[in-house]
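S.K.: One structure, as structure tokens, below. Some questions next.
Nothing in this text is a laboratory measurement; each read-out follows from the coordinates by a stated rule. Worth saying up front: this structure is predicted, and the values here are computed from it rather than measured. Cβ placement follows ideal geometry from the backbone for every residue including glycine, while neighbour counts extend to all protein chains displayed.
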Amino acid sequence: MSYQLVQQADASANIYCPICQHAVVDWAQEQYVQPCEHTLFIAMDLGFEFVADRFETQMKQPVDELHEDPDMNIFTAISQTEYPELTIIQADLGVQNLSRYVGFSRD
Ligand SMILES: [Zn+2]
């Protein structure tokens, strides 16, 4: 496991790519999920909203299969995936201790 975890406590704040500063979760947009080229995944504890092919191929279980799994744990699935220079921003969803996770890498 080699990733950097950045916590973001404010549930209503946009989430920005640390590399290009693009608003990947932009609450001003109707379609608020706006992945940039560095975005590997956008997920909540409830499931994935976006996953890049280059990240999914590294995952132990493909996303569709994971979503069918009653024991699904999104953070475990993400953190067990080996990917170089992975930065994960964990943002509070503001409900029931749920989080959103957004992964970024230059690769
Ligand atoms: Zn970016």
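S.K.: Would you work out the relative contact order for segment 26-107, in percent, from Cα pairs under 8 angstrom that are 6 or more residues apart?
M.R.: 34
S.K.: At a Förster distance of 30 Å, what's the computed FRET efficiency of ALA23 paired with ASP71, Cβ-Cβ distance as r, to 0.05?
M.R.: Result of the calculation: an efficiency of 0.35.
S.K.: Name all residues of segment 71-86 having a backbone nitrogen under 11 Å from the label point set 7 Å from the Cα of LYS60 along its Cα→Cβ direction, giving them as ranges.
M.R.: Only 73, 76-82 pass the distance filter.
S.K.: Another question about this same structure. List the equivalent ellipsoid semi-axes of segment 15-84 in whole Å, largest first, each obtained as the square root of 5λ for an eigenvalue λ of the Cα gyration tensor.
M.R.: 22, 15, 9
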